[in-house]
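The values are calculated or read from the model by the stated rules, or taken from the named source; none is laboratory data. As the structure is a computational prediction, the values presented were derived from the model and not from experiment. Please note: Cβ atoms are built from the backbone with ideal geometry, for glycine as well, and neighbour counts cover all protein chains shown. To get the accessible areas, we keep the full protein, side chains included, count just its heavy atoms, and leave off ligands, DNA and RNA. Shrake-Rupley method; radii C 1.70, N 1.55, O 1.52, S 1.80 Å.
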Amino acid sequence: MTHTAHFKVWRGDTDGGDLRDYEVEVNDGEVVLDIIHRLQATQAADLAVRWNCKAGKCGSCSAEVNGRPRLMCMTRMSVFEPDETVTVTPLRAFPVIRDLVTDVSFNYDKARQVPAFVPPKGVPAGEYRMQQVDVERSQEFRKCIECFLCQDTCHVVRDHEENKAAFAGPRFLMRIAELDMHPLDAAADQGLVRAASAQEDHGLGYCNITKCCTEVCPEHIQITDNALIPLKERAIDRKYDPLVWLGSRIRRRKE
Amino acid sequence: MTQVERHAYDVVVVGAGGAGLRAAIEARERGMRTAVICKSLFGKAHTVMAEGGIAASMGNVNSHDSWQVHFRDTMRGGKFLNQWRMAELHAKEAPDRVWELETWGALFDRTEDGRISQRNFGGHEYPRLAHVGDRTGLELIRTLQQKIVSLQQEDFAETGDYEAKLKVFQECTVTRVLKDDERSETGAPPDRRSGGKVAGVFGYVRESGRLFVIDAPAVVLATGGIGKSFKVTSNSWEYTGDGHALALLAGAPLINMEFIQFHPTGMVWPPSVKGILVTESVRGDGGVLRNSDGERFMFGYVPDVFKEKYAQSEEEADGWYTDPDNHRRPPELLPRDEVARAINSEVKAGRGTPHGGVFLDVSTRLPAEEIRRRLPSMHHQFKELADVDITAEAMEVGPTCHYMMGGVDVEPDTAAARGVPGLFAAGEVAGGMHGSNRLGGNSLSDLLVFGRRAGLSAAEYASGLGGTRPAAPEEQIDAAAAEALRPFAAGDSADEGPAENPYTLHQELQQVMNDLVGIIRRGPEMEQALERLAVLRERAQRVGVEGHRQFNPGWHLAVDLRNMLLVSECVARAALERTESRGGHTRDDHPGMDRGWRKVNLVCELTDQAQGADARKEALIGLRQRPTDPIRADLLALFDREELLKYLTDEELDR
């Protein structure tokens, strides 16, 4: 089955741009990315788009389809009515480079600010022992394909450029939760309390758990319920725990 | 003189998949200022698509496993054409490379006693693949990516600059390896750069179109495969044979280019996802293949060399999953080349599915909950892309171009490309390790083992040079710039003919390779393919693009076409020459495996006229036969003489 669809695709660069109209063939079983590729091959050879695996595994082809952040390779054309106009625009939270390609360096900067996994002292490679049930919590977050749809949709930064400096965004707060829940992470031995640092250094407090991030996650990771809320709880617990407070005073005195 | 951005590093790694990142980590840890260049964003490399796992004989699930058994399986899988020393190093070092990942934060699935769990896979005698569900490649890439970030954090703490010693140049394409001016042959054309040492790389920034040169004495190629030359493939757009072509153009030979793995199970429907991989884990975890008559047809396709190792009946095969010591393996777990050919034959015989594949069924084999737990991304992929619930119905699958066994001819221990000092290659772009067919799971372990070795050797080579570093002559840089920008000027001069559309040329190339040099090959068809490739190559000289240099996909494809055409010619020439069937090379007109051919590697090199402008219709690729290295005696002793007789000639065995 083939029909002609009406597409509106944002074309432009850092100096601005607009939505252009295209009439394009659509075949049974195709996804939005197929249509973008058909436009490239037949009508707009220089239409800029990022993509890679075309199977929802690499998180490259993020864009907004009819205003909703989505992976183009996992958005089937059958979800639209044949006479419906399909509008494809670049991710709104990041600066446009060209057409559907945005500058996502914000995310790579934030990734660098999260302290890495700290291997446990005295446990040689090959001797790591962990139970499946204990690794599963962090494994859920490691399903993340870094499509940055959650970063794009999060209202803390979506229309608030001024918050970007202080806020790591759902993806990287989840990274902190992942390390915090890693059964063998030894950051605490180095004096790094990850949950507290999420609050103090990475802007966890900006998040008011509206779950927008969870809704757009193509991997269906429960970002809010399983990562952000537990991280908030642990950050708060520490802050108001009198023993922790006393401990931190004593340690400070020794230094 | 061309205006280019100029950088200087000790080691440049081209490619940021598993092999490239592992090489970069090693080079940086050896104190080298290291640059990584990748066509995609950092962390998006094709390695993320690997599903099944990393093969390493840790023996966590079956303690009988050892490097010797892994070595044996690898050689059998490759039909003994493997570079045996690479297979030995790989089997010995894989466990350390996996364990090391845990110290960098990787979280593999666990056994009951808390160790890394290992799963069964085709061709592996014991459960051997360390895995995370069916998204092992993602875990591998993310772990290496995060290790790179942690090294950058160390550098930041020390210098105040994250990129002081290790920088990722993302969304950049390398179009030439640069060499110094030393020439071994006097009178060679100026652009024929044999004899010189590596001096750096030339490339462009995809985002801006700016040209750049990185001066560096050591270059590691880790660019992956060539699948985008074929129409039906599991490979991403990045797999355009860049490293293969860069090596050839720098004067390095390629070997084993006739061996391409067609993975038996790719999606066949809907058309837009045709070729996307369905992991072998489906079969490792109990999935079975059936034809349209409902028959488990693989029992009819066990070749003689594997007769003793595989079950003869469904009962015996089904018993193996729970009691492997007393049952032989199901034939669905034969090496990939065997299964792919079997599926091809069933479809040809009219026993295929409505969309031209066969059925792969796990829904009647495991409880739905178990399927969702063990195969989450397959469940997700079929649900989202094909409206198929694999817990309730069978999948339709068929062969897809998946992996290039051939590649840069390297020294086994150092990963150094033969003939070009300063050039190294690791991962899919390197040849030899997998012989004529790669076992599933051996790719991720290959990336780690030889990625590390390439990074190490590159670091040693670069520091060994001391202060004297090769420098690329300016005219080489000018020529590289002109070559890269040529598509913008195509069609300008009237006598050249009209400009060609890169997308059209690419589609035609994919069709030629798919139809004429695909899974089943015939001499006359490949001769025809070579003629058509020559025409395409000529048309590619006139490839033209619209628009400007900023993030222009048409231009990017035009540049990549050169590489795909070169590599495709290698494949077709080598495949035509090898008159036998072995592993990933099946000749309809020469169906048998010939022990005489086992002793031969086919070596592809750029011909002298390849660089000349008027030699467009001539062969660019020269082919020669080279004897394989004799396998070391203690390694041969790991096999029964009877088994060896299937592969080795009598005189080889009596030596």
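Roll a 1.4 Å probe over the protein chains and send me the accessible area per residue for chain B in Å².
With the other protein chains kept in place, chain B gives 32 Å² per residue.
Output wanted: per-residue J couplings in Hz (rounded whole) for segment B:223-229, from phi through Karplus 6.51 cos²θ - 1.76 cosθ + 1.60, θ = phi - 60°, x for Gly and Pro.
With the stated coefficients, segment B:223-229 comes to 9, x, x, 10, x, 6, 7 Hz.
Rank B:His402, B:Asn60, B:Leu246 by how far each Cα sits towards the positive end of the charge dipole of chain B (+1 on Lys, Arg Cβ; -1 on Asp, Glu Cβ) and give me just the farthest.
Of the options given, the answer is B:Leu246.
Enter the angle in degrees (range 0 to 90, nearest 10) between the Cα long axis of helix B:336-348 and the first principal axis of the Cα atoms of chain B, meaning the one along which they spread out most.
80 degrees
Beyond 31 Å between alpha-carbons counts as too far, so tell me which of A:Lys121/B:Lys165; A:Lys232/B:Lys147; B:Lys179/B:Lys599; A:Lys232/B:Lys165 fall in that bin.
As for pairs spanning more than 31 Å Cα to Cα, those are B:Lys179/B:Lys599; A:Lys232/B:Lys165.
On a 0 to 90 degree scale, rounded to 10, what angle separates helix B:553-577 from the longest Cα axis of chain B?
The angle comes out at about 60 degrees.
How would you classify segment B:301-365 from its alpha-carbon gyration tensor, with a ≥ b ≥ c the square roots of the eigenvalues: rounded for a/c under 1.5, else prolate if a/b is greater than b/c, otherwise oblate?
Because a/c hits 1.5 or more and a/b fails to exceed b/c, segment B:301-365 counts as oblate.
Non-local amide H neighbours of A:Thr75 (under 5 Å, H modeled in plane, Pro and chain starts lacking H): which ones?
Here A:Val32, A:Leu33 satisfy the definition.
Per-residue counts of other Cβ atoms within 10 Å, averaged by peptide: what ranking do you get for B:349-360, B:86-97, A:32-43, highest first?
Ranking the peptides B:349-360, B:86-97, A:32-43 by packing returns B:86-97, A:32-43, B:349-360.
For chain B, with all protein chains present and a 1.4 Å probe, just round the carbon and sulfur fraction of the accessible area to a whole percent.
The nonpolar share, carbon plus sulfur, comes to 48 percent.
Based on alpha-carbon atoms only, what is the radius of gyration of chain B relative to the globular estimate 2.2 N^0.38 Å?
0.92
Need the list of aspartates and glutamates near A:Lys54 for cross-linking: C-alpha distance under 13 angstrom, and skip anything on the same chain fewer than eight residues off.
Answer for A:Lys54, where 13 Å is the Cα cut-off: A:Glu30, A:Asp34, B:Glu238, B:Glu384, listed by chain and number.
If the cut-off is a Cα-Cα distance under 20 Å, which lysines reach B:Lys307, setting aside same-chain residues fewer than 8 apart in sequence?
Excluding near neighbours in sequence, the set is B:Lys79, B:Lys646.
Could you tell me the largest-minus-smallest coordinate of the C-alpha atoms of segment A:2-102 on each of the three principal axes, in descending order and whole angstroms?
Extents along the principal axes, in whole Å: 36, 29, 24.
Note the buried accessible area between A and B here, summed over both chains, with a 1.4 Å probe, in Å² to the nearest 100.
5400 Å²
Go through segment A:32-49 residue by residue and turn each phi into a ³J(HN,Hα) via Karplus (6.51, -1.76, 1.60, θ = phi - 60°); whole Hz please, and just put x for glycine and proline.
Result, ordered by residue: 4, 4, 4, 5, 4, 5, 5, 4, 4, 6, 10, 10, 8, 4, 9, 5, 7, 8 Hz.
Tell me what chain B gives for mean residue ellipticity at 222 nm when only DSSP H runs of n ≥ 4 count, each as -39,500 (n - 2.57), the sum divided by the residue total, rounded to 500 deg cm²/dmol.
-11000 deg cm²/dmol
How big is the antiparallel share of DSSP beta bridges in segment B:1-151, given as a percent to the nearest 5?
If we restrict to bridges inside segment B:1-151, about 55 percent are antiparallel.
On a straight-distance basis, which aspartates and glutamates could pair with B:Lys348 in a cross-link, Cα separation under 16 angstrom, same-chain partners fewer than 8 positions away excluded?
The reachable aspartates and glutamates, counting only those whose Cα sits under 16 Å from B:Lys348, are B:Asp293, B:Glu295, B:Glu338, B:Glu396, B:Asp515, B:Asp588.
Check A:Arg20: other-chain or 5+ apart residues with amide H under 5 Å from its amide H, H built from backbone geometry?
So A:Arg20 has HN proximity to A:Val9, A:Trp10, A:Arg11.
Karplus couplings for segment B:37-54 from phi (6.51 cos²θ - 1.76 cosθ + 1.60, θ = phi - 60°), rounded to Hz, Gly and Pro as x?
10, 9, 6, 9, 5, 4, x, 10, 4, 4, 3, 4, 7, 5, 10, x, x, 10
Looking at segment B:385-412, which residues lose a minimum of 10 Å² of accessible area between their chain alone and all protein chains in place, measuring with a 1.4 Å probe and not counting ligands or nucleic acids?
The answer is B:Leu385, B:Asp387 - residues whose exposure falls by at least 10 Å² when every protein chain is included.
Return, in residue-number order, each cysteine of the protein assembly as shown whose C-beta is not under 4.7 Å from any other cysteine's C-beta.
Cysteines of the protein assembly as shown left without a disulfide-compatible partner: A:Cys61, A:Cys73, A:Cys144, A:Cys147, A:Cys154, A:Cys207, A:Cys212, A:Cys217, B:Cys38, B:Cys172, B:Cys401.
For segment B:488-627, what class follows from the C-alpha gyration tensor (a ≥ b ≥ c being the square roots of its eigenvalues): rounded when a/c is under 1.5, otherwise prolate if a/b is larger than b/c, else oblate?
Prolate, since a/c reaches 1.5 and a/b exceeds b/c.
What pairs in A:Lys8/B:Lys39; A:Lys110/B:Lys44; A:Lys57/B:Lys274 have C-alpha atoms more than 22 Å from each other?
Beyond 22 Å: A:Lys8/B:Lys39.
Treating only the Cβ atoms of Lys and Arg (+1) and Asp and Glu (-1) as charged, compute the dipole magnitude of the protein assembly as shown about its Cα centre; round to the nearest 20 debye.
The dipole of the protein assembly as shown has a size of about 1480 debye.
Starting from the eigenvalues of the Cα gyration tensor, five times each then square-rooted, give me the equivalent ellipsoid semi-axes of the protein assembly as shown, largest first, whole Å.
So the three semi-axes of the protein assembly as shown are 39, 34, 30 Å.
Could you compute the net charge surrounding B:Val4? Neighbours are other residues with a C-beta less than 15 Å from the C-beta of B:Val4; K and R count +1, D and E count -1.
Around B:Val4, the surrounding residues sum to -2.
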